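Worksheet: one structure, shown below.
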Amino acid sequence: MKMNKVMMVGLLACTTLSQGAWAAQLSQDAKAAIPNKVQQIIVVDYHAMQNSPAAMSLKEKMLPPELKRLEQQLKNSGLQVDQDVDILALAAYVAPKGDGTRIVGVAQGQFNTQNILAHFAKDKTKPVMVRNNSIYPLGTAGASVVFLNQTTMIFGDKDAVRDAVDARDGLVQNFLSNGEMVSEMTVVDQKQMWSLLDQKGTQTMMKSILGPAAQIADYDTVRDRMKSSRYTMDFSNGVKFEMTVVMADTMTAATAAQVLKGVAVVKKSGSSPLEKTALDDTTIDSNSGSLTIAYASSDSQFSNMLNSSLFQQVVK
């Protein structure tokens, strides 16, 4: 399973969602705990999504086994995930020492740390101390968790959690020093679910979407002029998806839009009626040097799309 798929479905699938309608905004503590070289970050507001059949269908269809295990480990630790977590973020980043890409999770909420730590003590779960940070192991699969305070929790494999506390403590650069992504965040963080991708992540995503069309000569020119991308999803009244790919100039954005429109025409020729409707409901355009893609559907249409071959091609 590729990183983008794991991150997206993990955010939608970790728990039953609570009621409300808020924006998925990260606190300063949360941002400070994410290492600087972020390739992709996805953030979800739990409270906006409880009554979304589409989000729940995505959970049931796509939740991978490793995220089911993590969910259960968090619950076993005494954390009331479905009640305590307000905002969840997953960030894929280049490790500070350059030794590969890692994923770290950040949860915001109101955590009863006293009860959780008492549960750890009862189970004789001993923390690893990193300066003033108590990092607790979760199960035997290498996952760990640390509470920065009563509103911010970090989780993931032990190396990712260690990177996060190093970033928060100022030993390595953190997300707040990534000026480009911090600026992009202000455009999307009023939404219920949003994601930012760096240049490499954007190129990989677009290559997957374009499929065989990514082999044509025009795409090589377009690919090298992709700068970053962002997308948002809203589940308050059906499903609304909007994506913006920032290009180097207006001409490149227009070329990318034409290439993607051509791909949509080709895909429609071999699609089912449901898939054709989805493609008809997708708007592809360019504006001020950016490629824009927008899609809207009812909850039932989106839930049905989860079983389509078109959806599988997009998330594979």
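Could you please find all residues in the stretch 257-278 being open to solvent by 30 Å² or more (accessible area, probe 1.4 Å) and in a helix (DSSP H, G or I)? Step through it out loud before you land on a result.
At the first step, the residues of the stretch 257-278 found to be open to solvent by 30 Å² or more (accessible area, probe 1.4 Å) are 258, 261-262, 265-270, 272-274, 276-277.
Selection gives 258, 261, 262, 265, 266, 267, 268, 269, 273, 274, 276, 277.
Return yes or no: is residue 293 at pLDDT 80 or above and not polar (S, T, N, Q)?
Values: at pLDDT 80 or above: yes; not polar (S, T, N, Q): yes.
For residue 293, the condition - at pLDDT 80 or above and not polar (S, T, N, Q) - is met.
Quickly run through the stretch 88-105 and pick out the residues that are touching a Leu at 6+ places or on another chain (Cβ under 7 Å) and open to solvent by less than 50 Å² (accessible area, probe 1.4 Å).
So the first thing to find is which residues in the stretch 88-105 are touching a Leu at 6+ places or on another chain (Cβ under 7 Å), and the list is 88-90, 103, 105.
Once the filter is applied, which keeps residues that are touching a Leu at 6+ places or on another chain (Cβ under 7 Å) and open to solvent by less than 50 Å² (accessible area, probe 1.4 Å), the stretch 88-105 yields 88, 89, 90, 105.
Which of the residues that make up the stretch 239-256 are open to solvent by 40 Å² or more (accessible area, probe 1.4 Å) and assigned to a helix (DSSP H, G or I)? Outline the logic, then answer.
In the first step, residues of the stretch 239-256 are kept if they are open to solvent by 40 Å² or more (accessible area, probe 1.4 Å); the result is 240-242, 248-251, 255.
Result: 250, 251, 255.
Of the conditions (1) farther than 27 Å from residue 40 by Cβ; (2) open to solvent by less than 60 Å² (accessible area, probe 1.4 Å); (3) of a type outside the set (Lys, Arg); (4) touching a residue at least 40 places away in the same chain (Cβ under 8 Å), residue 127 fails just one. Which one is it?
Result: residue 127 fails condition (4) only.
Can you find even one residue in the stretch 154-161 that is among the small types (Gly, Ala, Ser), at pLDDT below 90 and more than 21 Å from the chain's Cα centre (by Cα)?
no
Any residue in the stretch 256-268 that is among the basic types (Lys, Arg) sitting within a Cβ distance under 8 Å of a residue that is not in a helix (DSSP H, G or I)? List the pairs, counting only those 6 or more apart or interchain.
261/284
Just to check your reading of the model, which residue among 155, 147, 120 is in a helix (DSSP H, G or I) and crowded, with 16+ Cβ neighbours inside 10 Å?
Details: 155 fails: in a helix (DSSP H, G or I); 147 fails: in a helix (DSSP H, G or I).
Just a single option satisfies the conditions, and that option is 120.
Could you say whether any residue in the stretch 286-295 is within 19 Å of residue 231 (Cα to Cα), surrounded by fewer than 15 Cβ atoms within 10 Å (Cβ to Cβ) and more than 24 Å from the chain's Cα centre (by Cα)?
The answer is yes, given that some residue of the stretch 286-295 is within 19 Å of residue 231 (Cα to Cα), surrounded by fewer than 15 Cβ atoms within 10 Å (Cβ to Cβ) and more than 24 Å from the chain's Cα centre (by Cα).
Within the set of pairs 6+ apart or on separate chains, which have a first residue in the stretch 192-218 that is in a helix (DSSP H, G or I) and among the β-branched types (Val, Ile, Thr), a second that is open to solvent by 20 Å² or more (accessible area, probe 1.4 Å) and at pLDDT below 85, and C-beta atoms under 7 Å apart?
That search, which allows pairs on different chains as well, returns 209/314.
Restricting to the stretch 241-250, name every residue that is touching a strand residue (DSSP E or B) at 6+ places or on another chain (Cβ under 9 Å) and of a type outside the set (Gly, Ala, Ser).
First, the residues of the stretch 241-250 that are touching a strand residue (DSSP E or B) at 6+ places or on another chain (Cβ under 9 Å): 241-248, 250.
Listed by number, the residues that qualify are 241, 242, 243, 244, 245, 246, 247, 250.
Tell me the residue from 229, 236, 177 that is among the small types (Gly, Ala, Ser) and open to solvent by 80 Å² or more (accessible area, probe 1.4 Å), please.
On the way: 229 fails: open to solvent by 80 Å² or more (accessible area, probe 1.4 Å); 177 fails: open to solvent by 80 Å² or more (accessible area, probe 1.4 Å).
Step by step, each of 229, 236, 177 is checked, and only 236 is among the small types (Gly, Ala, Ser) and open to solvent by 80 Å² or more (accessible area, probe 1.4 Å).
Exactly one of (1) within 21 Å of residue 29 (Cα to Cα); (2) open to solvent by less than 10 Å² (accessible area, probe 1.4 Å); (3) touching a residue at least 60 places away in the same chain (Cβ under 8 Å) is unmet by residue 160. Its number?
(3)
The values are calculated or read from the model by the stated rules, or taken from the named source; none is laboratory data. All of these numbers come straight from a predicted model, not from anything done at the bench. Every residue, glycine among them, receives a Cβ derived from its backbone with ideal geometry; neighbour counts consider all protein chains shown. Side chains included, ligands, DNA and RNA excluded: accessible areas come from the protein's heavy atoms. Shrake-Rupley method; radii C 1.70, N 1.55, O 1.52, S 1.80 Å.
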